[in-house]
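A short reminder: the numbers here are calculations on the coordinates, not readings from a lab. All values derive from a computational prediction rather than experimental measurement. When we count neighbours, we look across all protein chains shown, and the Cβ atoms used for this are built from the backbone with ideal geometry, even at glycine.
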Amino acid sequence: MKSPAFQIFGTDATVYSTGVKLAPGIPVFFAGGDLDPAEKPTGDTKAQALAAMASLQETITEAGFGLPQVVFVRAYLAPDKSGQVDYAGWNAAWNTVFNHPGNPHKPARTTVGVPKLGVGHHFIEIEYICAASDPSAMAAGSAKLKLPATNPGLAPYGPLASRIYWGMGVLPGTGLFWTAGMVRKNDAPPPAAGQSNTYAQSVSTLQNLAGNLASVGLSYKDVVYVRAFLAPDAAQGGEFDHVGWNKAYDEFFHTAENPHKPARTTITTPTYGAFTPPLVNEVEVIAAFPQPPALFAQPDPKNANLRTYGAAASHIASGVAVKPGAALFFSAGTVPTQAGGNMETQALSALAKLRENLAAAGLGFKDVIFLRAYIIPEADGSLDRDGWSAAYLTCFNNPDQPHKPARTTIAVHSLPKPEWKIEIDVIAAVP
């Protein structure tokens with residue numbers, strides 16, 4: 001389906017596109033949200049997916065968008081009552097909403113399996129990103145809600161009393177900043193007696209993120225989207241401590257000092273691997289510059305629309321700023337083209353395919369803002385981060401390609417095919 005707001009890439013043979021490139025200066029709307037712990041959904045994965053997409057359609061309609069303006073979908077699936085992740089049910093729901101004669105539009109998509117969603121009754125959680133040529137409906141609808149205005153470039157949607165917004169619009173002419181996934185500070189104190197470890201680490205992580213944002217003149221009043229990952233907390237009997245995470249979150253957002261609250265997703269991960277003390281929390285954010293940032297005053301010969309931040313010795317950027325008006329590209333989840341082999345082999349295969357998909361849109365690895373890698377734990381429960389890093393460094397942060405994006409690497413419960421060890425999606429900026 002053609003649109004003046006974006007261009008779709010891929011073939012007719014696939015049920016989703018390999019990527020979507022937006023036109024310059026297009027308003028973007030991020031919709032998604034946490035699952036209501038009090039809600040006990042009914043039905044199988046397909047039924048829950050259809051219900052979730054119906055709810056998302058209400059949100060984007062209120063903001064002035066329709067299904068033909070959805071450019072990217074991310075789905076997290078948890079095992080259903082059978083103990084298995086029902087990827088077929090999700091695909092059946094997808095083909096009821098997208099990629100059919102009544103709506104031939106097919107956004108880019110990433111699908112991964114996670115250990116658990118909410119309190120265990122939910123089998124799927126979905127995020128939408130929308131784009132359209134006319135921002136007036138999004139801005140006008142948000143203004144009618146009379147929500148706290150902490151950043152002139154943002155158009156929030158959702159109830160005033162809730163912990164998070166259901167969606168957040170970004171108006172044209174607004175620069176963006178993507179952070180890498182961040183964890184607790186290295187010198188973070190252990191939890192106090194009787195205190196949740198997840199709470200303590202989440203507070204430290206959010207303090208770390210606040211410093212990252214402050215380094216480019218941003219604060220939590222400017223956040224568009226928060227995505228948090230929780231691992232099992234031994235101090236909570238090996239459960240995922242959503243209560244501890246929410247308690248920490250509530251100290252930074254929707255407060256008297258900061259009435260702003262972003263759109264948000266909270267996802268579980270089976271493990272972070274070998275860290276001492278064990279990691280139980282990682283958070284990444286997207287933020288918006290309230291004014292055009294001066295950091296783009298000087299041109300950059302690699303990509304004039306990007307600026308990277310972080311320690312020179314790090315393999316990844318701690319954050320990447322995107323110039324106002326830059327055209328964005330959202331890739332689908334890219335998987336290995338050869339299923340055998342170890343993590344490094346499969347990651348190299350997936351990165352080679354991702355290079356092809358970027359090239360089809362006139363882009364390269366030098367244009368990547370943010371990269372997220374979903375990796376499968378090894379048979380012994382460990383994470384082959386070394387294999388993934390070896391593959392990553394053939395494409396980024398090397399003499400031939402010095403650019404390095406912001407990045408999150410997260411373990412997942414499963415991927416749509418059991419032989420896959422990794423799936424990768426990226427966001428890039430057209431130079």
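Rounded to whole Å, give me the distance from the Cα center of segment 368-431 to that of segment 257-322.
Segment 368-431 and segment 257-322 have Cα centres separated by 16 Å.
Under 5 Å between amide hydrogens, which residues at least 5 positions from Val71 or on another chain qualify, with H placed 1.01 Å from N in the peptide plane?
Ile129, Cys130, Ala131
Rounded to two decimals, what is the ratio between the C-alpha radius of gyration of segment 314-398 and 2.2 N^0.38 Å?
Segment 314-398 yields a ratio of 1.18.
For Ala231, enumerate residues with amide H under 5 Å from its amide H, sequence gap 5+ or separate chain, H modeled in the peptide plane.
Placed amide hydrogens put Thr269, Asn281 under 5 Å from Ala231.
Quick one: grab the alpha carbon gyration tensor of segment 256-303, order the square roots of its eigenvalues as a ≥ b ≥ c, and give me rounded if a/c is under 1.5, else prolate or oblate depending on whether a/b is larger than b/c.
Numbers: a/c = 3.07, a/b = 1.54, b/c = 1.99.
Note, shape of segment 256-303 comes out oblate.
Nearest-5 percent of antiparallel DSSP beta bridges in the chain? Write out the running numbers ahead of the final one.
Details: 60 of 81 bridges.
Among the beta bridges of the chain, antiparallel pairing accounts for roughly 75 percent.
Given the options Lys302, Lys116, Lys106, state which has the largest fluctuation in a GNM of the chain using a 10 Å cut-off (strictly under) for Cα springs.
Lys302
How far is it, in nm, from the label point at Ala304 to the one at Ala149 when both lie 7 Å from their Cα along the line to the Cβ?
3.2
What are the ³J(HN,Hα) values, in whole Hz, obtained from phi via the Karplus relation 6.51 cos²θ - 1.76 cosθ + 1.60 with θ = phi - 60°, for each residue of segment 112-123 in sequence order, with x given for Gly and Pro?
9, x, 10, x, 7, 10, x, 9, x, 8, 8, 10
Let me check I have the definition right: for the chain, take the eigenvalues of the Cα gyration tensor, multiply each by 5, take square roots. What are those semi-axes in whole Å, largest first? Can you show the working numbers first?
Values: eigenvalues 145, 132, 126 Å².
One finds semi-axes of 27, 26, 25 Å for the chain.
Using 7 Å Cα-to-Cβ label points, what is the His315/Ser219 separation (nm, one decimal)?
3.6
Excluding Leu393 itself, what net charge comes from residues whose Cβ is under 13 Å from its Cβ, given Lys and Arg +1 and Asp and Glu -1? All intermediate terms of the calculation are to be shown ahead of the outcome.
Values: positive: Arg385, Lys404, Arg407; negative: Glu344, Asp386, Asp400.
Once positives and negatives cancel, what remains is 0.
Starting from the Cα-Cα distance between Asp187 and Phe275, subtract it from 0.36 nm times their residue separation and give me the gain in nm to one decimal. Can you show the working numbers first?
Working: separation 88, 0.36 × 88 = 31.68 nm, distance 1.38 nm.
Result: 30.3 nm gained on full extension.
Using a basic spin-label model with each label point 7 Å from the Cα along Cα→Cβ, how many nm lie between Ser136 and Ser82?
According to this spin-label approximation, the distance is 5.0 nm.
May I ask you to derive the relative contact order of the chain, considering only C-alpha pairs under 8 Å and at least 6 residues apart, and to give it as an integer percent? Present the calculation step by step, with values, prior to reporting the outcome.
Numbers: 1011 pairs, mean separation 82.3, N = 431.
Once normalised by length, the contact order is 19 percent.
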